[in-house]
Structure formats: C-alpha cells, structure tokens
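Following: one structure in structure tokens, then a few remarks.
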Amino acid sequence: MRLWRTWLGVLACLGSTQLACTPSDGKSSGAWEQDESSSVTSMPAEGLEVAPALVLNDDGGVRPTPPPAPVPGFQPGFHQALRGNFTVGGVTTFRLRIPIARAGERLQVTFRAGDGSLTLERASVARAGPDGTLLSAPVPLAFGGKPGFTSGPRTLVASDPVVFPVKFREELAITFEARGALAASTINAFPGSTIRPGTHAMSSGTLSGETFERSVGVATVAVEGPPGRVFLAVGDSITEGYVDERNDARNAWPALVESQLGVPVVNAGVSGQGFYDALMRLDGEVLAVKGVTDCLVLLGTNDLGEAGAEEQMEGRMRLLVQRLEPFCRVWVSTLLPKEKTNYGSYDLVKSQRLEFNAWLRAGGAGAGIIDLEAVTRRPTNVHLYLPGLTADGIHPTTEGHRVIATEVARVLRERGAL
C-alpha cells in the first residue's frame, strides 16, 4: 500500500504547477526533492535517464527542442591561384580591389610569397569605393599579434581574424606594404588596383600610384559566417578570365556563376596550365583552401596536340578527380570549341578534343558532367564557337563567359548541388 500511495503522490505532483514535491507519505526520498534555497530542481536518482527538453506548440501540443543553430566558421569568399611572381626591391604599397563573395562578421586574409622570400611590413582592409577611394577607415591586420611577417618562397601566411562585417559581393580594398617576392596572377584582371613606392598601408585617401591590375600577394580571403556551399573552379586561362590584354575577373565565368547562384565560386584558374601543372600544384593552390564544398573542373585544352595526349588526359583527369573527391564534390566540363592551335597539328587537336569529350560524357571521369561544348559550339561545326562567343578562336568573349556561366548554374540547380 505504501508503494501504491507513493506513485499516486508522484502522479499528483506531475499534474500540479509546483516546481517540486515529496512522496505522499511525507517522507523525503531525495529523488524528487527541491532545495528550498535553490531554484534548480534536484536531478533524478542515479540510474534514471533525463528526458529531452520539450516545448509547447501554440495548440498545446509538445515538440522536441529545435536543434541548435549552425556554428559559424571561416570559408573562402575570394581566392586566386597565384602561379606567377612579382619582385620589388624596396618597400612598396599595393592596393588590391576585390569582390568578396561571402557575408559574415570577421575576415582572415592569407598572403602568398613568390619565388623568393617576402617581407610584409603592414596590411589593412577597408571598403572600396569608386575611383580608388575608400568608404571606410582602414582596419589593420595582424599576424600572430604582429603587424607583419617574413616568409620563405611560396609560403602561405594567414592573418589573425579581424572583426570586419561584409556583405555578399561587397568590394574590399586590401592594402599592404611589402618588399621581396610576391606571388602574382599571370593576367591583368583586377581593375581598380594600384601600386606605389613607400609605406601607405594605413592611408585613408586614394593611393595615387600606378595602375597595377594583376592579383598579387593576396591568395585567399576567408569570411566567418554560417556554413554554406562554396565552389572552387579549377582550370586554365578560360577559367582565370582571359579575354584580351585587359580583363576583369568579375566577368569571368566563375564570378558570373557566383552572381547567379548567390554563393561563393572562388577561382583557382591559371593561364597556360594543363593537367600536369594542376596536379603538381594541387596541394598549395586548391587543397590548402579550407571550407570548399564543390569543385568545378574545366581543364585540358592546353594538353591537346601531342601524340597520345587523349589517353594521358584521361588518366590525369581520373587522378585529379580521385585527389579532389575527399576534399569536395567534383564536377567536370567538356572542352570548349578550339578553332585553331598555337602548336602541333590542328587535325590532331580536333580529333583528341572530340575523343576526350566523348569519354567525359560516357562517365569516364567518375564525376558530375557539365557539357559546356554543347552550349558554345555551332550546330553545323563542333570545332567552331557560336558567333560572338570567342575573342580569338580559343578564349571566350565576355558574352561567351556569360553563356558558360548560365549553363553551369542551370546544371548545378537541376542536379541539386544547392
């Protein structure tokens, strides 16, 4: 009877509005007792499991506590594979104007040295305005609590995180004083960037120096925010954004895909590279970029023209995909039309390109396929671009980049990549 009375008391307690109660026989058991000096109910006796927290719906029902919000983290909002080299003997100030494709509250800027040692004296970040002006005061960057660093050849050095809220596709000005060897892009693609001798990293005015439109020094800008999809494009000059002598990375197909999808599509394209170069530099230029979820590969046109190239390309594409798969979901593209060749037999180039594209379409690479040849070639001649889509028979025009980007975005949407 005592046990029966005890359980009746417990049930009555659970139905009441009291914070705690004791068994109905008036003797404390310790299992349901509340300390009068505390607002915290004592834990159930050892061996009993604590039920998950519940909350009430508006209709009086009960549902589990919602999962916690995703933890913010750093993912790239900008990246360039800086294969080239640019050396300055004395301290020189660079101001690089770049769009950042990720929103968040803090930034981390990674610099890359060139073919020799690099000394960076000071660096800052600010919002970039038109005509080289700044829309905010420069915020200094630090490196292990120090204003600068010295590093060896090809070394990557990341700044300490700095509070600097940014919006999607906002333009930033990264200004830094350096001497020695800096890694650099191989083409001019960043209009609005400048160079000036001397120490001007904290200057809030226009950097009245010379135009310098190569991406230099700054390899990656990571932004801390909610986790999301980040695409990285691997390729050659077509991916880097070459059209002619004056280019704009904002008009390259990765940046245009980024604008259409509203997610970062950072650029690891390097003019002139083929599969061999991409594999040799993969660790430092691609796998070192943390937070990437998907990779877009448009590579191979520079491999065409040598005897046996088609078999070599297939093997190297499979190897590239295998190395990327633990790092990102991989998408590969067919090669674009090629109306001429700068070396080798053009007839051989044509046959190899068609064979390689057929192999890709048959699933030989073991990755998702984006058929960019299909939207850029003429229906009557697969070796020619549609009118208006090529600048020189090899590289797309700005309109060609737009067509490529639209197809990439369409395939990614339809295949659930977002």
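Quick check on segment 173-205: of everything there that is hydroxyl-bearing (S, T, Y) and part of a strand (DSSP E or B), which residue is surrounded by the most Cβ atoms within 10 Å (Cβ to Cβ)?
Selected residue: T175.
Right, R361: among the basic types (K, R) and either closer than 21 Å to V265 by Cα or touching a residue at least 40 places away in the same chain (Cβ under 8 Å) (or both) or not?
Considered against the rule, which asks whether it is among the basic types (K, R) and either closer than 21 Å to V265 by Cα or touching a residue at least 40 places away in the same chain (Cβ under 8 Å) (or both), R361 comes out as no.
List, please: which pairs have Cβ atoms under 7 Å, are six or more places apart or on different chains, and start with a residue in segment 221-232 that is among the aromatic types (F, W, Y) and end with one that is outside any strand (DSSP E or B) and surrounded by fewer than 24 Cβ atoms within 10 Å (Cβ to Cβ)?
As it stands, the answer is F231/V263, since those pairs meet every condition given.
In segment 375-387, is there at least one residue being part of a strand (DSSP E or B) and exposed (fewer than 13 other Cβ atoms within 10 Å of the Cβ)?
The answer is yes; a qualifying residue exists.
What residue, of T133, T110, T119, is β-branched (V, I, T), assigned by TED's automatic domain parsing to the domain that holds Q80, touching a residue at least 40 places away in the same chain (Cβ under 8 Å) and within 23 Å of D236 (Cα to Cα)?
T110
The values are calculated or read from the model by the stated rules, or taken from the named source; none is laboratory data. None of these values were measured; they are calculated from a predicted model. Ideal geometry is used to build each Cβ from the backbone, glycine not excepted, and the neighbour counts take in all protein chains shown.
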